[in-house]
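Below is one structure, written out as C-alpha cells, with a few remarks after it.
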C-alpha cells in the first residue's frame, strides 16, 4: 500500500498508474483519500466491413426518408383510432 499526495500523483502519474497494477495506491488530497483502482478495460475492435453494391443497397432509403415514413405511420395509427 502506498499513500501519495495529489501533487505527487499529478507530477508522477505514469509511475503510480504502473504501480497500481501490483499494489494498492491511495491519493490524499486535503482531508480526502482516494483509492486508485487498476481495472483494465477490454476493447474489441472489429474489422471494417465494406459491402459491395447489390439489390438491397439499391432499395435503401435515407434516414430522412425513414423518419418521414415513421412519422406518417404514427399519424395514420392515431388517425384510424378517432
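General observations
- Antiparallel beta bridges, as assigned by DSSP with both residues in the chain, represent about 55 percent of the total such bridges.
- Helix 63-80 vs. the chain, principal-axis angle (Cα, 0 to 90°, nearest 10): 60 degrees
- If the segment from residue 6 to residue 19 were pulled out straight at 0.36 nm per residue, it would be longer than the present Cα-Cα gap by 3.1 nm.
- Averaging 1/r over every pair of different alpha carbons in the chain and inverting the result gives a Kirkwood radius of 18.8 Å.
Read-outs: derived from the displayed coordinates by stated rules, not from any lab. These figures come from a predicted structure and were not determined experimentally.
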